[in-house]
Each structure stands twice: as C-alpha cells, then as structure tokens.
Amino acid sequence: MRKKIIAGNWKMNKSFEEGMALVTEISGMLKDEYNGSAEVVIIPPFTHINAISRMLADEKNMSTGAQNCSNHASGAYTGEVSAAMLQSVGAKYVITGHSERRQYFMEHNAWLAQKVNAVLSNKLIPIYCCGETLEEREANKHFDILETQISEGLFHLTEAQFAQVVIAYEPVWAIGTGKTATTAQAQEVHAFIRKLIHAKYGEAIAQNTTIQYGGSVKPENASELFSAADIDGALVGGAALQSRSFVDIVKAMR
Ligand code: 13P
C-alpha cells in the first residue's frame, strides 16, 4: 500500500502567531476526529518551520516541510536556505518545482534536478511538482509537458533515490482559481505519470510512488478525488489556511 499524504502549502501566508494557532487547532482537531492513516504535512514559510516541527514532535502522523530550498549546499548565496538547514530545524519534506516558483522565479527542470539532489542528500523527501498551463492543455500538449518536467527533474535519480520521491500533479489552471480538475482528468494524468515511472524504474517503484493532486482541493471535492485509484493525497493551498477546511480534507482520506 502506498503512503497517503495530505500536505498544506501555506505559501506566503500567516504571521508566526497565526501559524502557531493554526497548527494547534489542526493537531487538536485531528486527534479528536481522525483515525485514518494519511500523513499530514504542514508546509509553512521558512520562519515557522522550527517551531512547528517542535510542536509536532510527538505526533505520530504529522510532520512539517519547506516550500523551497537552494540547489547549493552552502556559501555566498544571499537570501537562500539550504536543504541541510531545513533538515536541522526538523523539516521532513521540501516542495520542489511548485508552479509559482517555475513561473515567478524562473526555476526550470535542470535547476530543479539539482534541488532534488540537495534535498535527497540531506535525507529529506522532495515533493516534486509538475503541471501544465491552460494553454498547454488546450493545445493538447499536457502529456508532453508532464513527461519533460518529470524526466528532466527526476529521471537522473537511481532507483533507491527515486523510491524516496513524492510527486504532486498540480495543473496550473486549477491553482487558486476555484477550478478543480475533474476526478477523471486528474486520474488520467496520475495514471500517465505512474506509467512513466513504470517504464523507467519498474512496477514495484511505480506502485509505491505517492502521487498527490493539487489545485483547488476543498472539503467538497476531496472525497471524490481520493476515490480515484492513482490519487494518493493532496497538496492543498487556500483550504489549508483554515483548520476546519484542512481537517475536513484530511478526513476525506480514509
Ligand atoms: P490552491 O489549493 O489554493 O488551489 O493551491 C494549490 C497549490 O498550489 C498547493 O501547492
């Protein structure tokens, strides 16, 4: 059975105090209301990771992560944060290649491959994001785009390295737009991604790779999305900023 992961990507939201209050609420509600097996990952801004990882130290199925890291190990890179630093403050996951990083910070696949290496060499787990724009989908290029993103960002890894990776499919047209991919659209892409992994790394690794869906996931659509065979969780943006909606999404994963 593959691991199911529901992660909340806070993006650039929440003061430190607000963040602490939100995590306290979420962990309390999950204790009272959730007995499923999904891992719940809180992905706040860098400034909150240390405190949140301490708060969650005793929670069996909760952990924290970062939204990005440097592709370099250390040195004169003003403003950057290394994977080793993230590891030292208790992060377990690092999002790499979120579409907002690709779009606003010019991160491309070769660069992301280096970030994935940095994450893995510090014993952290990359959540590698991929997804097409609306224009690319309308031109029916989405499968090609996804194949390029995945092969250029990940397929240099050895089998043992790839076995650590989590993938998140986030169609750009569904992020923050309220427009979710239909379950059939998401399932089609997830099955395609699993096929790519199968062709490169074989059946066992393909079957064990967690592939999350992201893009306007809400309590109202989570159960249906999670019922699809190849959807193993969610990377949640807006709905992760509020305890009730985030916990209800977690509860949709049995
Ligand atoms: P929304 O859930 O706000 O659409 O954001 C999705 C996302 O980008 C998560 O990484």
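Here, each number is a calculation from the coordinates, and none is a lab measurement. Remember, it's a predicted structure, so these values are computed and weren't measured experimentally. Ideal geometry is used to build each Cβ from the backbone, glycine not excepted, and the neighbour counts take in all protein chains shown.
Would you calculate the separation in nanometres between label points at A76 and E135, each defined as 7 Å from the Cα along the Cα-to-beta-carbon direction?
With each label point 7 Å from Cα toward Cβ, the separation is 3.8 nm.
Students often check this: by mean Cβ neighbours within 10 Å, which of 178-184, 162-168, 210-216 ranks highest, and how do the rest follow?
Descending mean neighbour count gives 210-216, 162-168, 178-184.
Would you work out the relative contact order for the chain, in percent, from Cα pairs under 8 angstrom that are 6 or more residues apart?
Relative contact order for the chain comes out at 22 percent.
Before rounding to the nearest 500, sum -39500 (n - 2.57) across all DSSP H runs of length at least 4 in the chain and divide by the residue total; then give [θ] at 222 nm in deg cm²/dmol.
Helix contribution divided over all residues of the chain: -13500 deg cm²/dmol.
Using only the Cα atoms of the stretch 27-142, build the gyration tensor, take square roots of its eigenvalues as a ≥ b ≥ c, and label the shape rounded, prolate or oblate: rounded if a/c is under 1.5, else prolate if a/b is larger than b/c, else oblate.
Oblate shape, in that a/c is at least 1.5 and b/c is the bigger or equal ratio.
How much length is gained on full extension from Q161 to K31, taking 0.36 nm per residue of separation minus their Cα-Cα distance?
43.5 nm
If the viscosity is 0.890 mPa s and the temperature 25 °C, what Stokes-Einstein diffusion coefficient in µm²/s follows for the chain when Rh is the Kirkwood radius over Cα pairs?
136
Are any of the pairs K3/K195; K92/K251; K200/K251; K179/K251; K60/K251 more than 27 Å apart by Cα-Cα distance, and if so, which?
From the list (K3/K195; K92/K251; K200/K251; K179/K251; K60/K251), the Cα-Cα distance tops 27 Å for K200/K251.
Roughly how far apart, in whole Å, are the Cα centres of the stretch 1-39 and the stretch 105-176?
The stretch 1-39 and the stretch 105-176 have Cα centres spaced 24 Å from each other.
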